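Q: One structure, as structure tokens, below. Some questions next.
The values are calculated or read from the model by the stated rules, or taken from the named source; none is laboratory data. Given the structure is predicted, the values throughout are model-derived calculations rather than measurements. No Cβ is skipped: glycine too gets one built from the backbone with ideal geometry, and neighbour counts run over all protein chains shown.
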Amino acid sequence: MTDPLFQPISINGLEVKNRIFMPAMHMNMAGNYTVTDRLVEFYAERARGGAGMISVGYATIDDRSGNPGNIGAHRDEFIPGLARLAMAIRENGARSSVQLNHAGRYNHSMLMGGKQPVAPSAIPSRLTRETPKELELGEINEIVASFAQGARRVKEAGFDAVEILSGTGYLISEFLSPLTNRRSDEYGGSFDNRVRFGLEVIAAVRAAVGKEFPLLVRMNGNEFMAGGSSRQELVEYAVRLATAGVDALCINVGWHEGQVPQIVTEVPRGVYAYLARGVKERVSIPVIASHRINDPGVARKLLDDGYCDMVAIGRALIADPFFPEKARNGHEADIVHCVACAQGCFDNLFKMKAVECLSNPRAGYEKLREIVRCEHPRKVLVVGGGAAGMSAAVAAAERGHRVLLHEKSNRLGGQLLLAGAPPGREEFLELAEDLARQVERSGIRVVLNSTVDGTVLEINSPDVVILATGGEPIKPAIPGVELPHVVQAWDVLTGKARTGRRVVVIGGGAVGIETALLLAEKGTLSGEALKFLLVHGAEKIEDLYGLATRGSKEVTVVEMIDQLGKNFGRSTRWGMMQDVERYGVRTLAQARVVEITADAVRIEADGTIVELLADSVVLAVGTRSYNPLQQAAVSLGVPVRVVGDAVRPAMVFDAIHEGFIAGREIG
């Protein structure tokens, strides 16, 4: 049977070898707008991996449209760098495009040397906390012309196509949305006026590149902004873009200010493809679906079911650049999936860092962290089969070393199994399986149910020891902590401990919040049940919402400091805290637990002692390193590396990267 994912497609005469489109993502790898070796190496790897078409960017069109970390397309001096990037993508087998954009009010004055951001109207941005300057008519015309000149440079550099970003809360969508466009001239008010700027940009770009050069647009299918453009208006805008000469549409979702999760792990795979289908039903040009398509099976289903003509696979190609080739050659089981944590990609941008990846320590370091086979293989013993241990073992095996991995439990995965236990976090379980398959494919000998001591180390006589023994949950010195109804969050997450109806969770960090949400969802209706009741009109919509968000337990989280979920990544925290409220979890910050009794937890808050009735108490007060073997390993007189939580409690991101580096550096 023909695989729909690997059927060629034509975009205005440009033949693309498959239906996999890598959308533009800000990588923050450019240097003062100039294409760098790092950027070239990153995209060359994705082209080698088999993507049909790669769009890079976004790229700037003038000096207020982005920042020096963006790819520059606003001056001719950037053409040579663009040409080098285009050649790297082309020579490695993919079609290429550059996405042009103007950030509008989403730009920061501090990134533009103090210049004020611009927008259709002087409406403050919740993202930047700045008020933009309202554009004058002459300035609007200049920006339109700048888009055209940027497109000319893209074509001159040798790219196969140009793409315009017309969504996500940036300048073109700011003109389109009544939320940010309060103008009273020909660019504001009616729908016809609000689409004028975007259509003028398209007309100018088309005139600059000619009729036969492919022109794509990435646009919102839904803004998720109250008071913004309706979904019906956006579909009509898509129709007008197609009529104006656009050759393909990539449909994304949401603004950066939107309060509906868009990219994190709780978003179901491929859920926003319905927006692409809504556009596809109205236009005759190729339509690309996007967001959370991280598996070939999901991608094929979207194509087979008529949601789209191509699939935008972005962060999944950061996680595994060879995703397409593995799928094409029947090796899908070897794909390392994106877990949608946003820790290395989106969150890094807030830190002014280049994009990295939790699942792939080589992302962004394609040359720097290249693995070269060693001349003299060594015997490597890895103790601990969690994220750090598996990552270290696989990297060492790729170097050509003989690797033995000991794990004390009956399953590889470690704390990834905890991270994947809460609802909406299942991608971490997938990552545990992905890493375990890498271990198997690498020929690593694995010994499960094995407690390693000094004798085991001595018997195996390794040349190198890597200790990835992880951490253990802290038991605080609270009176009553030994009572039988007091359990650890780790045991709740793994199903080893049951809880009563009234539960108090002590600790409001990431583990505490995830455990509270796991418990709060007990007794809520499943998605399958909700669909059945909705389709058959069995209950009112508002009642179904209640049945989906109100479970059978009363859950309270107690936290000593003034902020809950502090150790979540920025992209994840706000959504998790929304869920805390949505599922009725009670939270008490700046509260200290003074005693646990048989039926209550006594806390001190604002100088007052309060009793919280509790049938069960869950401890989520943190992790401490567990490293009992270092001295025994050192006594062998062989090199010893300690990685992951065995060094210090940290994030999964740190564990995987530390493990990889330790395994790779074994000479």
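Q: Given the criterion surrounded by 19 or more Cβ atoms within 10 Å (Cβ to Cβ) and in contact with an Asp or Glu (Cβ under 9 Å, 6 or more places away or on another chain), identify the matching residue among 81, 50. Lay out the reasoning, then the answer.
A: On the way: 81 fails: in contact with an Asp or Glu (Cβ under 9 Å, 6 or more places away or on another chain).
After applying the criteria, what remains is 50.
Q: Somewhere in region 454-461, is a residue free of Cβ contacts under 8 Å to residues at least 24 places away in the same chain, assigned to a helix (DSSP H, G or I) and surrounded by fewer than 19 Cβ atoms within 10 Å (Cβ to Cβ)?
A: First, pick out the residues of region 454-461 that are free of Cβ contacts under 8 Å to residues at least 24 places away in the same chain: 455, 459.
Add one more test, that the residue is assigned to a helix (DSSP H, G or I), and what stays is 455, 459.
If we keep only those that are surrounded by fewer than 19 Cβ atoms within 10 Å (Cβ to Cβ) too, we end up with 455, 459.
Looking through region 454-461, at least one residue is free of Cβ contacts under 8 Å to residues at least 24 places away in the same chain, assigned to a helix (DSSP H, G or I) and surrounded by fewer than 19 Cβ atoms within 10 Å (Cβ to Cβ).
Q: Would you pick out the residues in region 131-144 that are surrounded by 16 or more Cβ atoms within 10 Å (Cβ to Cβ) and either among the acidic types (Asp, Glu) or in a helix (DSSP H, G or I) (or both)?
A: Once the filter is applied, which keeps residues that are surrounded by 16 or more Cβ atoms within 10 Å (Cβ to Cβ) and either among the acidic types (Asp, Glu) or in a helix (DSSP H, G or I) (or both), region 131-144 yields 140, 143, 144.
Q: Could you check how many residues of region 303-346 are among the acidic types (Asp, Glu) and either assigned to a loop (DSSP other than H, G, I, E, B) or under 14 Å from residue 21 (Cα atoms) (or both)?
A: Just the residues of region 303-346 that are among the acidic types (Asp, Glu), to begin with: 304-305, 309, 320, 325, 332, 334.
Then drop every residue that is not either assigned to a loop (DSSP other than H, G, I, E, B) or under 14 Å from residue 21 (Cα atoms) (or both), which leaves 305, 309, 320, 325.
Residues meeting the conditions: 4.
Q: Same structure, new question: Within region 225-248, is even one residue hydroxyl-bearing (Ser, Thr, Tyr), modelled with pLDDT of 95 or more, more than 20 Å from the chain's Cα centre (by Cα) and surrounded by fewer than 20 Cβ atoms within 10 Å (Cβ to Cβ)?
A: Looking through region 225-248, at least one residue is hydroxyl-bearing (Ser, Thr, Tyr), modelled with pLDDT of 95 or more, more than 20 Å from the chain's Cα centre (by Cα) and surrounded by fewer than 20 Cβ atoms within 10 Å (Cβ to Cβ).
Table: residues versus (1) at pLDDT 95 or above; (2) under 24 Å from residue 587 (Cβ atoms); (3) surrounded by fewer than 18 Cβ atoms within 10 Å (Cβ to Cβ).
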| position | (1), (2), (3) |
| --- | --- |
| 503 | yes, yes, no |
| 522 | yes, yes, yes |
| 538 | yes, no, yes |
| 542 | no, no, yes |
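Q: Just checking, how many residues over region 254-302 are under 20 Å from residue 317 (Cβ atoms), in a helix (DSSP H, G or I) and touching a strand residue (DSSP E or B) at 6+ places or on another chain (Cβ under 7 Å)?
A: Total meeting the criteria: 4.
Q: Given the structure, is residue 414 in a loop (DSSP other than H, G, I, E, B) and crowded, with 24+ Cβ neighbours inside 10 Å?
A: On the way: in a loop (DSSP other than H, G, I, E, B): yes; crowded, with 24+ Cβ neighbours inside 10 Å: yes.
Yes; evaluated as a whole, the condition is true for this residue.
Q: Related question: For region 534-576, which positions are over 20 Å from residue 523 (Cα atoms) and in contact with a Leu (Cβ under 8 Å, 6 or more places away or on another chain)? Can you show your working first?
A: Here is the first cut: in region 534-576, the ones over 20 Å from residue 523 (Cα atoms) are 535-537, 558-575.
Within region 534-576, 558, 559 qualify.
Q: When you look at residue 355, is it of a type in the set (A, V, I, L, M), assigned by TED's automatic domain parsing to the domain that holds residue 17, crowded, with 19+ Cβ neighbours inside 10 Å and within 16 Å of the chain's Cα centre (by Cα), yes or no?
A: On the way: of a type in the set (A, V, I, L, M): yes; assigned by TED's automatic domain parsing to the domain that holds residue 17: no; crowded, with 19+ Cβ neighbours inside 10 Å: yes; within 16 Å of the chain's Cα centre (by Cα): yes.
No; evaluated as a whole, the condition is false for this residue.
Q: Restricting to region 603-659, name every residue that is under 25 Å from residue 339 (Cβ atoms) and either touching a Lys or Arg at 6+ places or on another chain (Cβ under 6 Å) or polar (S, T, N, Q) (or both).
A: 623, 625
Q: Step by step: first the residues of region 606-622, then only those that are part of a strand (DSSP E or B) and free of Cβ contacts under 8 Å to residues at least 60 places away in the same chain, then the one that is surrounded by the fewest Cβ atoms within 10 Å (Cβ to Cβ). Which residue is that? First the steps, then the outcome.
A: The first filter runs over region 606-622 and keeps only residues part of a strand (DSSP E or B), leaving 608-613, 616-619.
Imposing the further condition that a residue be free of Cβ contacts under 8 Å to residues at least 60 places away in the same chain reduces the set to 608-611.
Numbers: 608: 8, 609: 10, 610: 15, 611: 12.
Of everything passing the filter in region 606-622, 608 is surrounded by the fewest Cβ atoms within 10 Å (Cβ to Cβ).
Q: Taking strands (runs of 3 or more DSSP E) that fall entirely within region 1-80, which contain at least 2 residues that are over 27 Å from the mean Cα position of the chain (by Cα)?
A: Working: elements: 9-11, 14-16, 20-22, 53-60.
The qualifying strands (runs of 3 or more DSSP E) are 9-11, 14-16.
Q: Quick check: anything in region 302-318 touching an Asp or Glu at 6+ places or on another chain (Cβ under 7 Å) and crowded, with 19+ Cβ neighbours inside 10 Å?
A: No, there is no match, as no residue in region 302-318 is touching an Asp or Glu at 6+ places or on another chain (Cβ under 7 Å) and crowded, with 19+ Cβ neighbours inside 10 Å.
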